[in-house]
């Protein structure tokens, strides 16, 4: 059976949209790898943010992934245990440095919230848990840009389960940039 026939069978067997469970079975990958592909934006999907039935993936996007994975397997290889390589972290950091260039050197919670796409409560929680280094002056959190950069390339930020739309969008841009400049 050649690849075209195999993919045609998938189109006939599955509806227009599929679940993450269906995708990982079709692609013969682990649940963790499938989650990585969906969260990173390497495979386009609709993310409801729910705990169950979170992802809605077009069957044609899964077929496109399978075709591209055959042509360029290195692009779709998930990081070992979700540990990103030094190169990946460098690409991420450079991307965020460019994005933050026009922002002030010391940012308020409101500004960090606007930049990341997460609510002020989430940003305050990152600070109080010690994930995001900051200064507290007159009961206000102030975050130096360099601390924010460190946080953006840390697992505390990368591993957020339910990502903001802005976070997802930036992940797609980072991965697209990493693909074009390996």
### Task
Please tell me if residue 59 is over 21 Å from residue 176 (Cβ atoms) and either assigned by TED's automatic domain parsing to the domain that holds residue 174 or touching a helix residue (DSSP H, G or I) at 6+ places or on another chain (Cβ under 9 Å) (or both).
yes
## Note on the structure
Cβ pairs under 8 Å, 6+ apart or interchain, first in segment 171-182 and over 21 Å from residue 159 (Cα atoms), second at pLDDT 80 or above and surrounded by 13 or more Cβ atoms within 10 Å (Cβ to Cβ), ordered by first then second residue, are 181/91
### Task
Hand me the list of helices (runs of 4 or more DSSP H) wholly inside segment 1-51 holding 3 or more residues that are farther than 19 Å from residue 168 by Cα and touching a helix residue (DSSP H, G or I) at 6+ places or on another chain (Cβ under 7 Å).
3-13, 20-27
### Query
In this structure, is residue 143 over 12 Å from the mean Cα position of the chain (by Cα) and under 30 Å from residue 44 (Cα atoms)?
no
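The values are calculated or read from the model by the stated rules, or taken from the named source; none is laboratory data. Quick caveat, the model's predicted, so the values are computed rather than measured. Please note: Cβ atoms are built from the backbone with ideal geometry, for glycine as well, and neighbour counts cover all protein chains shown.
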